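What follows is a short report on a single structure.
The values are calculated or read from the model by the stated rules, or taken from the named source; none is laboratory data. In this text, all values refer to a predicted model and were calculated from it rather than measured experimentally. To get the accessible areas, we keep the full protein, side chains included, count just its heavy atoms, and leave off ligands, DNA and RNA. Shrake-Rupley method; radii C 1.70, N 1.55, O 1.52, S 1.80 Å.
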Amino acid sequence: LGDDANFSTTVTNSIATKLPLAGGTLTGNVIFSDNVKALFGTGSDLEIYHDGSNSYLVDAGTGGILYRGGTQTFQNAAGSKTMAVLNGATSVDLYYDNSKKFETTSGGIAVTGTATATTFSATTLTGTLSTAAQTNITSLGTLSALTVSGDVTIDTSTLKVDSSNNRVGILNASPDVT
(Lines give C-alpha, C1' and ligand atoms only; values in the text may rest on other atoms or scores of the structure.)
Protein backbone atom coordinates (compact mmCIF):
# COMPACT_ATOMS: atom_id res chain seq x y z
CA LEU A 1 0.00 0.00 0.00
CA GLY A 2 2.87 2.36 0.77
CA ASP A 3 4.00 2.17 -2.87
CA ASP A 4 0.49 2.81 -4.26
CA ALA A 5 0.40 6.44 -5.43
CA ASN A 6 -3.40 6.56 -5.51
CA PHE A 7 -3.68 5.30 -1.91
CA SER A 8 -1.05 7.74 -0.68
CA THR A 9 -2.78 10.66 -2.44
CA THR A 10 -6.19 9.62 -1.08
CA VAL A 11 -4.89 9.44 2.51
CA THR A 12 -3.03 12.78 2.20
CA ASN A 13 -6.11 14.52 0.78
CA SER A 14 -8.38 12.97 3.39
CA ILE A 15 -6.16 14.05 6.29
CA ALA A 16 -5.90 17.58 4.85
CA THR A 17 -9.70 18.00 5.12
CA LYS A 18 -9.78 17.22 8.86
CA LEU A 19 -9.81 19.86 11.59
CA PRO A 20 -6.40 19.91 13.32
CA LEU A 21 -6.23 19.10 17.04
CA ALA A 22 -4.69 22.50 17.78
CA GLY A 23 -6.32 25.48 16.08
CA GLY A 24 -8.02 25.38 12.73
CA THR A 25 -11.20 26.86 11.35
CA LEU A 26 -14.58 25.19 11.54
CA THR A 27 -16.76 26.26 8.63
CA GLY A 28 -19.96 24.28 9.27
CA ASN A 29 -22.40 23.54 12.08
CA VAL A 30 -21.68 21.15 14.91
CA ILE A 31 -24.90 19.31 15.69
CA PHE A 32 -25.39 17.60 19.04
CA SER A 33 -28.29 15.27 19.76
CA ASP A 34 -30.50 15.86 22.82
CA ASN A 35 -28.71 15.33 26.14
CA VAL A 36 -25.28 15.43 24.47
CA LYS A 37 -23.20 18.09 26.17
CA ALA A 38 -20.61 20.44 24.75
CA LEU A 39 -18.07 20.44 27.58
CA PHE A 40 -15.45 23.11 28.23
CA GLY A 41 -12.59 23.19 30.74
CA THR A 42 -10.26 20.51 32.05
CA GLY A 43 -12.83 19.31 34.58
CA SER A 44 -15.83 19.82 32.24
CA ASP A 45 -16.56 23.03 34.16
CA LEU A 46 -18.99 24.48 31.60
CA GLU A 47 -21.77 22.47 29.96
CA ILE A 48 -24.06 23.52 27.12
CA TYR A 49 -26.82 21.13 26.10
CA HIS A 50 -30.49 20.61 25.26
CA ASP A 51 -32.54 17.87 26.94
CA GLY A 52 -35.32 17.71 24.36
CA SER A 53 -37.44 20.28 26.21
CA ASN A 54 -35.10 22.90 27.66
CA SER A 55 -31.68 24.37 26.86
CA TYR A 56 -29.01 24.60 29.55
CA LEU A 57 -25.89 26.62 30.21
CA VAL A 58 -24.42 25.03 33.35
CA ASP A 59 -21.49 26.21 35.44
CA ALA A 60 -20.54 22.84 36.92
CA GLY A 61 -17.10 23.81 38.18
CA THR A 62 -15.53 26.33 40.49
CA GLY A 63 -16.08 30.04 40.14
CA GLY A 64 -19.03 31.59 38.35
CA ILE A 65 -20.14 32.60 34.89
CA LEU A 66 -18.90 36.06 33.93
CA TYR A 67 -20.74 37.82 31.13
CA ARG A 68 -18.61 40.38 29.36
CA GLY A 69 -19.76 42.72 26.68
CA GLY A 70 -21.53 45.94 25.98
CA THR A 71 -25.31 45.96 25.92
CA GLN A 72 -26.88 42.55 26.46
CA THR A 73 -30.52 42.05 25.50
CA PHE A 74 -32.69 39.12 26.59
CA GLN A 75 -35.68 38.44 24.33
CA ASN A 76 -38.40 35.83 23.98
CA ALA A 77 -37.74 32.83 21.73
CA ALA A 78 -39.28 34.56 18.71
CA GLY A 79 -37.09 37.65 19.21
CA SER A 80 -40.20 39.82 19.13
CA LYS A 81 -40.30 40.98 22.77
CA THR A 82 -37.58 42.31 25.04
CA MET A 83 -37.48 40.96 28.60
CA ALA A 84 -34.34 42.65 29.97
CA VAL A 85 -31.54 44.89 28.78
CA LEU A 86 -28.21 45.21 30.57
CA ASN A 87 -26.78 48.47 29.25
CA GLY A 88 -23.04 48.02 29.61
CA ALA A 89 -21.96 49.62 32.87
CA THR A 90 -24.90 52.03 33.16
CA SER A 91 -28.35 50.58 33.79
CA VAL A 92 -30.47 47.46 33.93
CA ASP A 93 -33.92 47.68 32.34
CA LEU A 94 -36.70 45.14 32.97
CA TYR A 95 -39.71 44.83 30.69
CA TYR A 96 -43.24 43.47 30.90
CA ASP A 97 -44.86 42.64 27.56
CA ASN A 98 -42.18 44.63 25.71
CA SER A 99 -42.77 47.75 27.84
CA LYS A 100 -40.02 49.01 30.18
CA LYS A 101 -41.28 48.96 33.77
CA PHE A 102 -38.12 49.11 35.93
CA GLU A 103 -34.68 50.61 35.43
CA THR A 104 -31.69 51.34 37.56
CA THR A 105 -30.44 54.92 37.40
CA SER A 106 -27.48 56.85 38.80
CA GLY A 107 -29.75 58.03 41.64
CA GLY A 108 -31.47 54.71 42.39
CA ILE A 109 -34.35 53.21 40.43
CA ALA A 110 -37.21 54.35 38.22
CA VAL A 111 -40.51 52.48 38.07
CA THR A 112 -43.05 53.03 35.31
CA GLY A 113 -46.54 52.04 36.42
CA THR A 114 -47.55 50.77 39.84
CA ALA A 115 -45.13 49.28 42.35
CA THR A 116 -46.62 46.88 44.90
CA ALA A 117 -44.75 46.06 48.09
CA THR A 118 -45.59 44.29 51.33
CA THR A 119 -43.52 46.89 53.22
CA PHE A 120 -42.18 50.29 52.22
CA SER A 121 -39.59 52.59 53.73
CA ALA A 122 -38.32 55.88 52.36
CA THR A 123 -36.26 58.83 53.51
CA THR A 124 -37.61 61.14 50.81
CA LEU A 125 -40.81 60.48 48.93
CA THR A 126 -41.95 62.50 45.96
CA GLY A 127 -45.06 61.79 43.96
CA THR A 128 -48.11 59.99 45.25
CA LEU A 129 -48.24 57.27 47.89
CA SER A 130 -51.45 55.29 48.06
CA THR A 131 -52.20 52.06 49.82
CA ALA A 132 -55.04 49.79 48.84
CA ALA A 133 -54.18 47.12 51.39
CA GLN A 134 -54.00 49.48 54.38
CA THR A 135 -56.12 52.61 54.32
CA ASN A 136 -54.85 53.82 57.72
CA ILE A 137 -51.15 54.65 57.64
CA THR A 138 -49.84 54.40 61.20
CA SER A 139 -46.51 54.42 63.04
CA LEU A 140 -44.95 57.09 60.89
CA GLY A 141 -42.42 58.00 63.53
CA THR A 142 -41.36 61.65 63.52
CA LEU A 143 -42.95 63.74 60.83
CA SER A 144 -41.07 67.01 60.51
CA ALA A 145 -43.13 68.49 57.67
CA LEU A 146 -46.18 67.63 55.62
CA THR A 147 -47.33 69.49 52.55
CA VAL A 148 -50.76 68.70 51.18
CA SER A 149 -52.32 70.17 48.09
CA GLY A 150 -56.10 70.21 48.41
CA ASP A 151 -58.44 69.21 51.24
CA VAL A 152 -57.48 66.96 54.15
CA THR A 153 -60.09 64.80 55.89
CA ILE A 154 -59.37 62.58 58.89
CA ASP A 155 -61.97 60.00 59.92
CA THR A 156 -64.69 61.69 57.80
CA SER A 157 -65.63 64.24 60.51
CA THR A 158 -62.86 64.30 63.13
CA LEU A 159 -60.78 66.88 61.30
CA LYS A 160 -61.52 68.63 58.02
CA VAL A 161 -59.28 71.18 56.32
CA ASP A 162 -61.27 72.96 53.62
CA SER A 163 -58.63 74.47 51.31
CA SER A 164 -61.11 76.27 49.06
CA ASN A 165 -62.59 78.31 51.96
CA ASN A 166 -59.50 78.33 54.21
CA ARG A 167 -61.45 76.76 57.08
CA VAL A 168 -60.70 74.02 59.62
CA GLY A 169 -63.43 71.96 61.26
CA ILE A 170 -62.91 69.80 64.33
CA LEU A 171 -65.67 67.21 64.75
CA ASN A 172 -67.29 68.88 61.77
CA ALA A 173 -67.06 67.57 58.21
CA SER A 174 -68.38 70.88 56.79
CA PRO A 175 -66.59 73.78 58.52
CA ASP A 176 -68.37 77.10 58.13
CA VAL A 177 -68.04 80.61 59.52
CA THR A 178 -69.99 79.95 62.76
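Can you give the accessible area per residue of region 64-114, in Å², using a 1.4 Å probe? Mind dumping the intermediate values first?
Details: 3790 Å² over 51 residues.
That works out to 74 Å² for each residue.
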With 19 Å as the cut-off, how large is the P(r) tail for region 1-110, expressed as percent of Cα-Cα pairs? 71 percent
